[in-house]
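What follows is calculated from the coordinates using simple rules that are stated; it is not laboratory data. All values reported here derive from a predicted model rather than from experimental measurement. Don't worry about glycine lacking a Cβ; one is built from the backbone with ideal geometry, like all the others, and counts go over all protein chains shown.
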Amino acid sequence: MSPANHRSRLVALGFFGGFAAGLVLWSREQHARKRDLFSTRPMRRYAALSYLRGQRTPETARLLKEYIRWEQRADFKRRARRLLDRVERQLA
């Protein structure tokens, strides 16, 4: 095997390995944000709502509806309702 061919294989292996690692980390991050939405810590809930702003999917709408029923703080509930309205408008 020539050195150039060997190098190309190493580059491809590095690329696909990095891609796979990125998928794993992205999946863990998604799970963490959903869990943080129901955290006892207000800042984590706030951060989770901020994260969900960019996730306009039917799953996000379902999660926000559940969160609105669960949340006690009026300010967080209002924020979630506004976000849910935006998500539902975009999905319509």
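Points to keep in mind about this one:
- Shown here for segment 38-87: chymotrypsin sites (Phe, Trp or Tyr not before Pro) in loop regions (DSSP other than H, G, I, E, B) with at most 14 other Cβ atoms within 10 Å, namely F38.
- Estimated Rh, segment 37-92: Kirkwood, alpha-carbon pairs, angstrom: 11.0
- ³J(HN,Hα), Karplus 6.51/-1.76/1.60, whole Hz, each residue of segment 69-85, x for Gly, Pro: 5, 7, 5, 9, 6, 4, 5, 5, 5, 4, 4, 5, 5, 4, 5, 4, 4
- Fully extended contour minus Cα-Cα distance, from S2 to R53, at 0.36 nm per residue: 13.4 nm
- Net charge, Q90 excluded, C-beta distance under 14 Å - Lys, Arg +1, Asp, Glu -1: +2
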